[in-house]
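I have placed the structure first, in the form of structure tokens, so that the comments after it can refer back to it.
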Amino acid sequence: MLKLNASLIFFSLALLTTFVASAAAVDKKKDRLTNIKLPIKCFVSEKDSTLKCDGGKVECLTFKNFTGKGTEKFNDFAISFVPNQEDVTLPELVKFYLYPRAESEVYRNYTIQIGFKFHRFSIYYSQDMFDDGFRISNLTCYSKLVDYFRQSVEDQVIKVKENGSSGEDVRVFGFLSLV
């Protein structure tokens, strides 16, 4: 009996150590977040493909689609509405641009040319893949996400640079990171 209890204690300690190490690894990935204080912070778990915003206030199953060589290196994005879609009535017609982070406080455009192909990064609702980024196929969940994003009252300006340009200022309302 004593031998069984010692084994159980050892197993419990090993499990606790693994859990603490996993939590620390996730926290380390979350530390990649920009220093900019954005009103909405979302994470997509590479383990279960769940998009969670602000600690789980909205959670949706998502499908990651990064098709171009080199696009898989993008892990952090700023989020904005596609211009003139903030007030579109049907949520399935609303799309959000994703600006991949290139450096600490510098982002790339939501459309990137790799070779002869253009890759547009977004969060969108669809039954089929058509953009790079994150597709949500459950309309009920996507509608909740759209409503949640619309509640954002505070925009932030980020610098978007491409191919040595001086950069352009873009208004975003949130940030997404793969963890």
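Laboratory data are not the source of any read-out in this text; all were calculated from the coordinates shown. What you see is a predicted model; the values in this text were computed from it and never measured. For neighbour counting, all protein chains shown are included, and Cβ atoms are generated from backbone atoms with ideal geometry for every residue, glycine included.
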For region 54-103: of the residues being within 15 Å of Leu139 (Cβ to Cβ) and free of Cβ contacts under 8 Å to residues at least 40 places away in the same chain, which is surrounded by the fewest Cβ atoms within 10 Å (Cβ to Cβ)?
Thr89
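Where in region 116-179 are there strands (runs of 3 or more DSSP E), lying wholly inside it, with at least 2 residues that are without any contact (Cβ under 8 Å) to a residue 24 or more places away in the chain?
On the way: elements: 117-125, 132-136, 156-160, 168-172, 174-178.
Filter on region 116-179 gives 117-125, 168-172.
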Which numbered condition Asp87 fails, given (1) in a strand (DSSP E or B); (2) more than 16 Å from Cys53 (Cα to Cα):
(1)
What is the one condition in (1) in contact with a helix residue (DSSP H, G or I) (Cβ under 8 Å, 6 or more places away or on another chain); (2) touching a residue at least 40 places away in the same chain (Cβ under 8 Å) that Val106 does not satisfy?
(1)
